[in-house]
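Report on one structure; see the data block that follows.
The values are calculated or read from the model by the stated rules, or taken from the named source; none is laboratory data. The model shown is predicted, which means the values in this text are computed figures rather than measured ones. Note: ideal-geometry Cβ built from the backbone for every residue, glycine included; neighbour counts use all protein chains shown. Areas reflect the complete protein model, heavy atoms only, side chains present, ligands, DNA and RNA absent. Shrake-Rupley method; radii C 1.70, N 1.55, O 1.52, S 1.80 Å.
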Amino acid sequence: AVWCPLSPTGVQTTQLLVEPPWRPAVLWDRVTLTCQGLGTADATTWYKDRQRWGQKGNDHFTVTERGTYTCDRPGTGLSPSVRVLNDWLVLQVPARALLEGDTVTLRCRG
């Protein structure tokens, strides 16, 4: 199955998926980022800390440096950003939309 996220107006948008699915993402989790949107994988442009970055042509990669990452697909535009930390101690929440009243598992890791 292909996951096609829709914005509230029904227009498809570019998404940046995080694996493992926890926020904040941390380097020692071996974080993989995947860019999903219209167009082919080789049309993906990556940005790190708001500057064009050398992962052109791949729609996913394993992060090796801390920073703030976004991706761009020509048909659906720029994704929301994902920040990857290199902290020793983090309190993590699931990387998904949370609503009031949801039961949430938190992870304190170090």
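Per-structure values
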quantity	calculated
Simple label model, 7 Å out from Cα along Cβ direction - residue 51 to residue 68, nm	1.5
The stretch 17-29 - phi-based ³J(HN,Hα) in whole Hz, Karplus 6.51/-1.76/1.60, Gly and Pro as x	8, 10, 9, x, x, 10, 10, x, 6, 10, 3, 6, 8
Calculated FRET efficiency for the pair residue 23/residue 87, C-beta based, R₀ 22 Å, to 0.05	0.95
Accessible carbon and sulfur surface of the stretch 15-109 relative to its total accessible area, %, 1.4 Å	50
The chain, relative contact order in percent, only Cα pairs under 8 angstrom and at least six apart counted	27
Ranked by how many other beta carbons lie within 10 Å on average, peptides 104-110, 38-44 from highest	38-44, 104-110
Length released on extending from residue 96 to residue 30, taking residue separation times 0.36 nm less the Cα-Cα span	21.9 nm
Mean accessible surface per residue for the stretch 15-109, computed with a 1.4 Å probe while every protein chain stays in place, in Å²	62
